[in-house]
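The structure appears right after this line, and notes come after that.
The values are calculated or read from the model by the stated rules, or taken from the named source; none is laboratory data. All figures in this text were calculated on a predicted structure; none of them were measured in a lab. As a convention, Cβ positions derive from the backbone with ideal geometry for all residues, glycine included, and neighbour counts pool all protein chains shown. These accessible areas exclude ligands, DNA and RNA; they are computed on the full protein's heavy atoms, side chains included. Shrake-Rupley method; radii C 1.70, N 1.55, O 1.52, S 1.80 Å.
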Amino acid sequence: MLIAPTRSPAGLDQRSNDHALLDQGRVALMQPYFLPYLGYFQLIAASDCFVLYDNVQFIKNGWIERNRYLLEGEPKWFGLPLAKGSHSQLINQRQISPHFDIDAIMSRLAFAYRKAPHAERTLTWLEALLKLPAHNIAEFNELALRSCCSLLRIHTPIVRASEWSPASQSRGQDRVIEVISAIGGTRYLNPFAGGALYDSAAFAAAGYGLDLLKPDLEPYLQLNQPFVPALSVLDAFMFNDLETLSAWVKRGEIVRG
């Protein structure tokens, strides 16, 4: 069953953007990915506020409009078709194609996961999700992430960078520090694999800490095939009960950057 996402998540103070959201806390910042892998949700669960980085340039053929599912033991791509747009457009400016065929993607996934133990539940949820109104890819991915978090029992507040920290000329970690300041956090949490992009001394000089999350991801049975890691969360939903997944997304080790 689809747990419908809310537009204004519980726990968020609907104050002016001139005020910080948090008095203190660990802030994570990521581009809004399309049904990302479980490690993405471990990052959400480990943060006190999760910021969708929706007002940066869209990069084609990344993880924003597509992800991977499993077909006969092999990873395959699926995703949302986007309308034509400029290479300079931001993520929240890229529109979903009006010719998106929901039935085609549902048929492909139904065939691929026809033997998965939780296929009926997951496909019913996904079809309802794909029918939710969304005009751009950032909006759809936000709806999808909120719905996934409801299923996984993750209660971290989720906000958009575009609402709390409008676009600026800053780049890289300087831009991240601006977002943390706007939100009112005290520490920045980033995936461990991307730790080399950030300088803890620069964060300290600005008055913030830097933390890195090492994911702790459990292999699971995929119909007695060799395990294929880092697929869309959709694959995890197909092969595991929600109680198990809810426990897995609370894992992960936080280390100082």
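Side notes on the structure shown:
- Given 76/115; 60/214; 214/250, the pairs whose alpha carbons are separated by over 20 Å: 60/214
- Using every pair of distinct Cα positions in region 80-122, the Kirkwood expression returns a hydrodynamic radius of 12.6 angstrom.
- Relative to the globular-protein estimate of 2.2 N^0.38 Å, the Cα radius of gyration of region 192-257 stands at 1.51.
- Rounded to the nearest 0.05, the FRET efficiency derived from the C-beta distance between residue 221 and residue 56 at R0 = 35 Å is 0.40.
- Selection from 124, 73, 97 lying farthest towards where the dipole of region 52-150 points positive, charges on Cβ: 73
- For region 49-200, diffusion coefficient by Stokes-Einstein and Kirkwood Rh (Cα), 20 °C, 1.002 mPa s, µm²/s: 122 µm²/s
- Between residue 107 and residue 247, the FRET efficiency estimated from the beta carbon spacing at R0 = 45 angstrom works out to 0.90.
- Solvent-accessible surface of the chain, averaged per residue with a 1.4 angstrom probe and all protein chains in place: 48 square angstrom.
- Computed over protein heavy atoms with a 1.4 Å probe, the carbon and sulfur contribution to the accessible area of the chain reaches 51%.
- Selected from 133, 81, 215 as most flexible by GNM, with the chain as the system and alpha-carbon contacts under 10 Å: 133
- Inverse of mean 1/r across different Cα pairs in region 141-256, Kirkwood, Å: 16.6 Å
- The charge dipole of region 92-164, taken about its Cα centre with unit charges on the Cβ atoms of Lys, Arg (+1), Asp and Glu (-1) only, comes to about 260 debye.
- Charge tally in the Cβ shell below 12 Å around residue 94, where Lys, Arg are +1 and Asp, Glu are -1, residue 94 excluded: -1
- When only Cα pairs below 8 angstrom with a gap of at least 6 residues are kept, region 17-125 shows a relative contact order of 21 percent.
- Rg and Dmax of the chain, based on Cα coordinates, read 18.2, 54 Å.
- Kirkwood hydrodynamic radius of region 89-147, from inverse mean 1/r over distinct Cα pairs, in Å: 12.6 Å
- Antiparallel DSSP beta bridges within the chain, as percent of all bridges there, nearest 5: 50 percent
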